[in-house]
Amino acid sequence: MLLSVNGFDFNEKFLPMVISERPTDCDQCGRAMTKAKKVHAGSRYCGTCYARLFKRRLCSGCGNYSRLPIFDAKAVCSRCVIARPCVRCGRLGRPVGKLTDYGPACNSCAHYFNVPKPCERCSVLSTRLAHTAFDSQMIKCCPRCARLSARTCPMCRHHRFLALQLDGREICRRCAESNNAKCSKCDKGIPGGRGSECEDCYWSRTFDKRLTLDANALRTDPVINEFLAFGSWLQLKIGNQRAALSIHRHLDFFMLIDEKWGVMPPPEHLLMQIGICGTRRARVPLRWLASVRGYVISDASLEEHVERDRIRQIMTELSCDGDSTLLSGYQAELETRVSMGTLKLRSLRACLRAAVDLLHTAKSKGKGIVEQHQIDNLLKIKPGIAANLWGFISFLNARRG
């Protein structure tokens, strides 16, 4: 049977690493113990056996005196054992959570060496069971069930267990015990549960940290300076908390400028690169550029770009090479009129839309040429395209007779 806890599979390869439950008897003399005096190499020793088998001598690891077993000449003191890297993650300097048969396990990895047991509330196997009060009794719960009764404290805004006070409020224990706490930065009175800084100072510190982290991802100095200036404007515009939560999503816009140009490009070049969808995603940086730098993408450029995108989509709807060639010729004729100023780009797009609808109607009837009854049927469905369809019919009469 395969066991899984928090995405970690306890398969046959892992099971030998799980520390099984030890008996409460001394492994040397068999005497019953409430707590072992010493645990060495997976064996437990009572106080009598510890005094008899562990003598004071120099440790071969650090050179200090310590009580070491007389039957193990290579044994080192507990300080040397704790100083070893974690047997699971290999990190040094972490607090030791469990001394296993294979060495020390840090406090983050110690629970992987426990036998998985079912939660007494949801019956899900877990290696991180904790005693939790539920319905006036103590039960062993998994981390998820242990936090089900926790809520956000209305004073400090932290997610903790709340207790009912004499005045009818439900607040956390830290806020109930501390009433005269002050922020270490602005010296403003704060709830005791906030710790050493108020909520506004916390979000200000978080924003500065995230802004510096994002600025380090950029390479050119002009773009870095622009990003830092944008961050200062954003912090004043929407506040510390909202700025800290949203600063990461604006980094992509500045990274594109950093990789493509290294400086702010002309508005037309930027619009050609990011498109209309990109301007929607970068509307906050563009608003800052317009209000502070005077960097504005004109409405005429936006409208032209939108119409060009729609025209490209219309031109890709035809799969037949003959129809595509015919439509390209009609587009070239309309583009000439646009360049002369006698036709607007929006009207060009409407004329192409009507032409594609007519070609689709002719193709659906299984014929390669356009006939009069097909035009009549299309105008019955879409009578509003009659004016736009007139130009394409004239083009067909001139090309195909």
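The values are calculated or read from the model by the stated rules, or taken from the named source; none is laboratory data. What you see is a predicted model, and the numbers here were worked out from it, not measured in a lab. Here the Cβ is made from the backbone with ideal geometry for all residues, glycine too, and neighbour counts use every protein chain on show.
A compact table of results
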item: Unique residue being surrounded by fewer than 15 Cβ atoms within 10 Å (Cβ to Cβ) and either under 48 Å from the mean Cα position of the chain (by Cα) or touching a residue at least 24 places away in the same chain (Cβ under 8 Å) (or both) when the list is Ala290, Ala350; result: Ala290
item: Odd one out for Glu199, checked against (1) touching a helix residue (DSSP H, G or I) at 6+ places or on another chain (Cβ under 7 Å); (2) more than 25 Å from Pro285 (Cα to Cα); (3) not hydrophobic (A, V, I, L, M, F, W, C); result: (1)
item: Qualifying positions in segment 55-67 - closer than 25 Å to Cys29 by Cβ and touching a Ser or Thr at 6+ places or on another chain (Cβ under 9 Å); result: Arg56, Arg57, Ser66
item: Test result for Leu166, at negative phi and over 30 Å from the mean Cα position of the chain (by Cα); result: yes
item: Number of the condition not met by Asn179 [criteria: (1) surrounded by 14 or more Cβ atoms within 10 Å (Cβ to Cβ); (2) not in a helix (DSSP H, G or I)]; result: (1)
item: Residue check for Thr152: free of Cβ contacts under 8 Å to residues at least 24 places away in the same chain, closer than 20 Å to Arg242 by Cβ and not assigned by TED's automatic domain parsing to the domain that holds Val263; result: yes
item: Residue satisfying all of: in segment 129-142; touching a strand residue (DSSP E or B) at 6+ places or on another chain (Cβ under 7 Å) and not in a strand (DSSP E or B); surrounded by the most Cβ atoms within 10 Å (Cβ to Cβ) among these; result: Cys142
item: Meets criteria (in contact with a Leu (Cβ under 9 Å, 6 or more places away or on another chain), at pLDDT below 90 and within 30 Å of Cys142 (Cβ to Cβ)) for Val39; result: yes
item: Qualifying residue in segment 231-249 (condition: assigned to a loop (DSSP other than H, G, I, E, B), without any contact (Cβ under 8 Å) to a residue 60 or more places away in the chain and under 30 Å from Arg312 (Cβ atoms)); result: no
item: Within segment 135-147, considering residues that are more than 11 Å from Cys119 (Cβ to Cβ) and not acidic (Asp, Glu), the one modelled with the lowest pLDDT; result: Ser136
item: Residue count, segment 79-100 (criterion: within 20 Å of Ser60 (Cα to Cα) and touching a residue at least 60 places away in the same chain (Cβ under 8 Å)); result: 1
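So that you can scan it fast, the table gives a plain yes or no per residue for (1) on the phi < 0 side of the Ramachandran plot; (2) of a type in the set (Gly, Ala, Ser); (3) buried (at least 18 other Cβ atoms within 10 Å of the Cβ); (4) part of a loop (DSSP other than H, G, I, E, B):
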site: Gly61; (1), (2), (3), (4): yes, yes, no, yes
site: Val76; (1), (2), (3), (4): yes, no, no, yes
site: Cys80; (1), (2), (3), (4): yes, no, no, no
site: Arg84; (1), (2), (3), (4): yes, no, no, yes
site: Gly93; (1), (2), (3), (4): no, yes, no, yes
site: Cys122; (1), (2), (3), (4): yes, no, no, yes
